Amino acid sequence: MADVAMFPLGTVLFPHTPLALRIFEERYLIMLGRLLDDEDPQFAVVLIERGSEAGGGDQRFGIGTMARITNVMAGESDIHVIAVGGTRVEVREWLDDEPYPTAAVRELPPLVWDDALTPLRDEAERIVRRVLSRAAEFSDVRWDPDIELSDDPLESSWQLSAIAPLGELDQLHLLASTSLGGLLRELIDLTLAAEPALTAVPRGDEFDAALGQLLEDAEAAEDDGPDDEEPDETDPDAASGTDSPPR
């Protein structure tokens with residue numbers, strides 16, 4: 001186990017995937033200053049379970065990814081950091097949050113590529129890109145459907161998990177995969193399950209206006225329809241509301 005600096009976020013970081021951060025909180029500025037003294041500055045990213053990214057007091061999930069800092073740019077009142085996901089880690093014990101969050105973690109076993117997985121990986125890429133492209137027609141998406149992936153099949157499998165239009169809990173489920181085949185199969189299933197909601201036509205102003213017009217037309221048709229017929233007072237049976245007895 002090793003004690004590492006922790007950065008809880010509202011997003012999941014996958015191995016071999018870039019991460020852009022804007023750091024402005026004092027605690028993380030202190031963390032960054034200390035990390036930059038290291039020859040290979042890294043911190044671990046975990047998903048926040050409850051709470052917000054700023055201010056502390058959040059609750060966190062126990063699976064995360066090491067992030068290696070590759071670029072640092074200073075702004076007027078903040079610092080912009082580019083990092084890339086590395087090994088996956090499991091939190092064994094949360095340590096002090098002062099001056100910034102730290103935890104004792106252990107590295108999770110790396111997933112292993114097998115050439116027999118090539119058709120499954122290719123199918124996962126086809127489905128992820130198709131659903132991502134369709135989702136982009138209905139709303140903003142984080143990743144370009146045509147984004148270039150690594151030529152390495154293991155790295156690109158993780159990158160496909162990152163660009164798939166899934167919620168954070170589904171992404172966390174993928175991050176905890178114990179085999180690459182399991183990761184790819186779950187990625188396909190989760191992406192297909194998310195597709196109907198991602199590509200549903202929203203109820204916009206035009207839909208609401210059309211629905212309102214249909215309701216108005218229906219009410220007008222009822223108002224213009226024939227009135228209920230009055231009973232013929234010359235017919236004693238009709239006036240009394242009784243049926244005529246059979247003759």
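The values are calculated or read from the model by the stated rules, or taken from the named source; none is laboratory data. Only a predicted model underlies this, so the values are computations on that prediction, with no experimental measurement involved. Note: ideal-geometry Cβ built from the backbone for every residue, glycine included; neighbour counts use all protein chains shown. To get the accessible areas, we keep the full protein, side chains included, count just its heavy atoms, and leave off ligands, DNA and RNA. Shrake-Rupley method; radii C 1.70, N 1.55, O 1.52, S 1.80 Å.
Quick one: in the stretch 135-154, of everything that is within 22 Å of residue 200 (Cβ to Cβ) and of a type outside the set (D, E, K, R), which residue is most open to solvent (accessible area, probe 1.4 Å)?
So the residue we want is 138.
In the stretch 125-134, is there at least one residue being touching a residue at least 12 places away in the same chain (Cβ under 8 Å), part of a loop (DSSP other than H, G, I, E, B) and surrounded by fewer than 20 Cβ atoms within 10 Å (Cβ to Cβ)?
Among the residues of the stretch 125-134, not one is touching a residue at least 12 places away in the same chain (Cβ under 8 Å), part of a loop (DSSP other than H, G, I, E, B) and surrounded by fewer than 20 Cβ atoms within 10 Å (Cβ to Cβ), which makes the answer no.
Looking at (1) over 27 Å from residue 155 (Cα atoms); (2) among the hydroxyl-bearing types (Ser, Thr, Tyr); (3) open to solvent by less than 20 Å² (accessible area, probe 1.4 Å), find the lone condition where residue 102 falls short.
For residue 102, the exception is condition (3).
Look at the stretch 65-106 and say how many of its residues are in contact with a Lys or Arg (Cβ under 7 Å, 6 or more places away or on another chain), within 16 Å of residue 42 (Cα to Cα) and modelled with pLDDT of 95 or more. Break it down into steps so the answer makes sense when it comes.
Step one: filter the stretch 65-106 for residues in contact with a Lys or Arg (Cβ under 7 Å, 6 or more places away or on another chain), giving 65, 78, 80, 83-84, 86, 89-90, 92, 99-100, 104-106.
Of the ones still in play, those that are also within 16 Å of residue 42 (Cα to Cα) are 65, 80, 83-84, 86, 89-90, 100, 104-106.
Filter once more, keeping what is modelled with pLDDT of 95 or more: 65, 80, 83-84, 86, 89-90, 104-106.
Final tally of qualifying residues: 10.
Considering only residues that are under 17 Å from residue 48 (Cα atoms) and open to solvent by 80 Å² or more (accessible area, probe 1.4 Å), which ones fall in the stretch 73-95?
Selection gives 92, 93, 94.
Consider the stretch 157-169. How many of its residues are in contact with a Ser or Thr (Cβ under 9 Å, 6 or more places away or on another chain) and either in contact (Cβ under 8 Å) with a residue 60 or more places away in the chain or open to solvent by 10 Å² or more (accessible area, probe 1.4 Å) (or both)?
Number of matching residues: 7.
Given the conditions (1) of a type in the set (A, V, I, L, M, F, W, C); (2) modelled with pLDDT under 95; (3) over 30 Å from residue 31 (Cα atoms), which single one is not true for residue 192?
Residue 192 satisfies all of (1) of a type in the set (A, V, I, L, M, F, W, C); (2) modelled with pLDDT under 95; (3) over 30 Å from residue 31 (Cα atoms) except (2).
Do you know which of the residues in the stretch 157-171 that are hydrophobic (A, V, I, L, M, F, W, C) and touching a Phe, Trp or Tyr at 6+ places or on another chain (Cβ under 6 Å) is nearest to residue 129 (Cα to Cα)? Break it down into steps so the answer makes sense when it comes.
Pass one, the stretch 157-171, residues hydrophobic (A, V, I, L, M, F, W, C): 158, 160, 162-164, 166, 169.
Subsequent filtering for residues that are touching a Phe, Trp or Tyr at 6+ places or on another chain (Cβ under 6 Å) retains 158, 162-163.
Working: 158: 14, 162: 12, 163: 9 Å.
My answer is 163.
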